[in-house]
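The block underneath contains the structure these notes are about, expressed in structure tokens.
The values are calculated or read from the model by the stated rules, or taken from the named source; none is laboratory data. Since the structure is predicted, the reported quantities are computational estimates derived from the model, not experimental observations. Heads up, the Cβs are rebuilt from the backbone with ideal geometry, glycines too, and the neighbour counts pull from every protein chain shown. Please note that ligands, DNA and RNA were not included when accessible areas were found on the heavy atoms of the full protein model with its side chains. Shrake-Rupley method; radii C 1.70, N 1.55, O 1.52, S 1.80 Å.
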Amino acid sequence: MKHTFVSAAVVAAMATAAAAQAAPAAAPDSGEAQFRAIYKELVETNTTVSTGSCTLAAERMAAHLKAAGYADSQITLFSVPDHPKDGGLVAVLPGTSKAAKPILLLAHLDVVEAKRADWERDPFTLIEEGGYFYGRGTADDKSMAAVWVDTMVRLKAAKPLKRTVKLALTCGEETTWAFNGAQWLAQNKRDLIDAEFALNEGGGGKTDGKGLSEGGRLVNQSIQVGEKAVQNYRFETRNPGGHSSIPVRENAIYELADALARLRDFDFPAELSDTTRAFFAKAGAARGDAMGKAMQALAANPIGSPAFVDAEKLVNTDRSFHSKLRTTCVATLLDGGHANNALPQRAGANVNCRIFPGHSVEEIQAALQKVVADPGVSVSLVPPQRPLAKAPTLDPKIIGPMEKLAAQYFPGVPVVPDMSTGATDGIFLEAVGIPTYGVPGAWGNPDGNGVHGLNERIEVKSLLTGRAYLYDLVNAYAR
């Protein structure tokens, strides 16, 4: 594939979290209006894979950086001819130290599809209502993209940094089959994004069910340290078929259904990493209920021991904890048959797996074939094949500043390391040796705030406090 790689020459808060938890309220800084303008422009730029353009969003963000004084040589817009609307942006603010390695700020510009007919509000119009911002991407991930652009603008106007700070805004995170900008940069422009570590989505706080502006409270703040790998597999059965008026027991759809039933009833064995063990220990200690005690027991006892097994029974009743403990695979799509009056000649299902770090896709493929226990059901890899998940270390030089600042912004709120059961573009950076961490700061509610669903939203206080926290965090690393 022929690539184009073009340097850009573009044309031209913190709020109170909760009375008992947040730092004292501060007056909005003079740049808040500019930040809101950046955020609004991003949310209102459609970046869905079907009808949107990440390239346009990247160009608009480059214009803000250009206006802030970044030179053409410090701003790079990139795209490939086969995917002209899936472009992205890399910006570099040089530091004064030749010894200190850069840090990289990563966010994705693309968003999940959003149909206006299904939403209460226009998904591509930023609406502030009842203490929340509504719109597709308000949380995932244009909140972070806007904060990083705003941070780069503010850093440019401040005193010179010792450490170089880089920004990468990419496309393709929300799909497994479209062009992925983070993967392309890692494979083709590794030097451009070279960094000691990267800060990314995946961390953040959780409330007790209500936003802080609604009287809720923060339960915890998390630091994402690693994630599962995503891989799709296809289960398929075949049969000679025939006329539906003379059915036989050997039916491709029945055979597939039996295989999927066996998958439904199968659990991969429990596992713990340093990150998840620390998560269950710290998050469990903060709960003070039976679930909390069981979480601590998981962390304290050997896997498979009686105490561990007893604790696992309760922890598995929480589906997020169940997933955090193991590889999971679930059927997500079905197809089969060719006519309503014919016996099926073929039936298939997509099985989506989230693989615990340390296991290859081939290893899981072999495990699934054993679960199926039927040579008539094939289990094959569905492209693309993603890198093996690698968890970065709990490096005190990186984790420490996050915890220290969190104690100032969110006193009394536990900060826990966590492994994402989902997926981020961090997996592509980690594959080429750039440890990637999901940062604390902003928070969401346990219902998910409509992310990937209807009426996506983020609490205004969450966004503005997250903006302040992350700006201070970048300064803590770079000065």
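Given the criteria closer than 29 Å to S320 by Cβ and open to solvent by 10 Å² or more (accessible area, probe 1.4 Å), does N232 qualify?
The answer is yes for N232.
Counting only residues that are among the polar types (S, T, N, Q) and farther than 26 Å from W177 by Cα, which one in region 61-114 is surrounded by the most Cβ atoms within 10 Å (Cβ to Cβ)?
That would be Q74.
I'm trying to understand the selection: among the residues of region 240-256, which are open to solvent by 50 Å² or more (accessible area, probe 1.4 Å) and out of contact with any strand residue (DSSP E or B) (no Cβ under 6 Å at 6 or more places or on another chain)?
Passing the criteria: P240, H243, S245, I246, P247, V248, R249, E250, Y254.
Test of understanding: among A290, A297, A261, A311, which residue is out of contact with any Lys or Arg (no Cβ under 9 Å at 6 or more places or on another chain) and surrounded by 13 or more Cβ atoms within 10 Å (Cβ to Cβ)?
The match here is A297.
When you go through (1) within 30 Å of S244 (Cα to Cα); (2) among the charged types (D, E, K, R); (3) open to solvent by 40 Å² or more (accessible area, probe 1.4 Å) one by one for D374, which number turns out not to apply?
Status for D374: all satisfied but (3).
Please name all residue pairs, on different chains or six or more residues apart, with Cβ atoms under 6 Å, provided the first residue is in region 447-459 and is on the phi > 0 side of the Ramachandran plot and the second residue is open to solvent by 30 Å² or more (accessible area, probe 1.4 Å) and at pLDDT 95 or above.
N449/R457; G450/R457; H452/V112; N455/E120
Taking region 132-168 only, how many residues are among the β-branched types (V, I, T), buried (at least 23 other Cβ atoms within 10 Å of the Cβ) and assigned to a loop (DSSP other than H, G, I, E, B)?
Residues flagged as among the β-branched types (V, I, T), buried (at least 23 other Cβ atoms within 10 Å of the Cβ) and assigned to a loop (DSSP other than H, G, I, E, B) within region 132-168 amount to 1.
Quick one: which strands (runs of 3 or more DSSP E) sit completely within region 415-479 and have at least 2 residues that are of a type outside the set (D, E, K, R) and crowded, with 22+ Cβ neighbours inside 10 Å?
The qualifying strands (runs of 3 or more DSSP E) are 415-420, 436-438.
Residue-wise test of (1) over 27 Å from D418 (Cβ atoms); (2) among the hydroxyl-bearing types (S, T, Y).
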{"position": "H338", "(1), (2)": "yes, no"}
{"position": "G348", "(1), (2)": "yes, no"}
{"position": "V351", "(1), (2)": "no, no"}
{"position": "F356", "(1), (2)": "no, no"}
{"position": "S378", "(1), (2)": "yes, yes"}
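Between a first residue in region 60-83 that is more than 19 Å from K166 (Cβ to Cβ) and at pLDDT 95 or above and a second residue that is part of a strand (DSSP E or B) and β-branched (V, I, T), which pairs have beta carbons less than 8 Å apart while being 6 or more apart in sequence or on different chains?
Close Cβ pairs satisfying both conditions: V80/T4; P81/T4.
For residues that are under 21 Å from the mean Cα position of the chain (by Cα) and either part of a strand (DSSP E or B) or surrounded by fewer than 22 Cβ atoms within 10 Å (Cβ to Cβ) (or both), tally how many sit in region 192-204. Even if it seems obvious, please write down each step before you answer.
In the first step, residues of region 192-204 are kept if they are under 21 Å from the mean Cα position of the chain (by Cα); the result is 193-204.
With either part of a strand (DSSP E or B) or surrounded by fewer than 22 Cβ atoms within 10 Å (Cβ to Cβ) (or both) added as a condition, the list becomes 194, 196-200, 204.
Residues meeting the conditions: 7.
Every residue in region 205-236 that is on the phi > 0 side of the Ramachandran plot and part of a strand (DSSP E or B), please.
Once the filter is applied, which keeps residues that are on the phi > 0 side of the Ramachandran plot and part of a strand (DSSP E or B), region 205-236 yields only G226.
Restricting the first residue to region 420-435 and requiring it to be farther than 19 Å from V112 by Cβ, which pairs with a second residue that is at pLDDT 95 or above and of a type in the set (K, R) meet a Cβ separation below 8 Å and a spacing of at least six or different chains?
Qualifying pairs under 8 Å: V432/R190.
A182 fails exactly one of the following numbered conditions: (1) among the aliphatic types (A, V, I, L, M); (2) part of a loop (DSSP other than H, G, I, E, B); (3) buried (at least 24 other Cβ atoms within 10 Å of the Cβ). What is the number of that condition?
Every condition holds for A182 apart from (2).
Pull out all pairs, ordered by first then second residue, where Cβ-Cβ is under 9 Å, the residues are six or more apart or on different chains, the first lies in region 373-400 and is on the phi > 0 side of the Ramachandran plot, and the second is surrounded by 13 or more Cβ atoms within 10 Å (Cβ to Cβ) and not in a loop (DSSP other than H, G, I, E, B).
Correct list of pairs: A373/A259; A373/R262.
Given the condition under 22 Å from the mean Cα position of the chain (by Cα) and surrounded by fewer than 18 Cβ atoms within 10 Å (Cβ to Cβ), answer yes or no: does some residue in region 356-363 qualify?
Yes, region 356-363 contains at least one residue that is under 22 Å from the mean Cα position of the chain (by Cα) and surrounded by fewer than 18 Cβ atoms within 10 Å (Cβ to Cβ).
Name the residues in region 423-471 that are among the β-branched types (V, I, T), touching a strand residue (DSSP E or B) at 6+ places or on another chain (Cβ under 9 Å) and more than 16 Å from A406 (Cβ to Cβ), would you?
T424, I427, I434, T436, V451, I458, V460
What tally of residues in region 320-343 results from selecting those that are on the phi > 0 side of the Ramachandran plot and surrounded by fewer than 16 Cβ atoms within 10 Å (Cβ to Cβ)?
Result for region 320-343: 0.
If we only count helices (runs of 4 or more DSSP H) wholly inside region 260-347, which ones have 1 or more residues that are more than 21 Å from the chain's Cα centre (by Cα)?
Output list reads 274-285, 290-300, 306-315.
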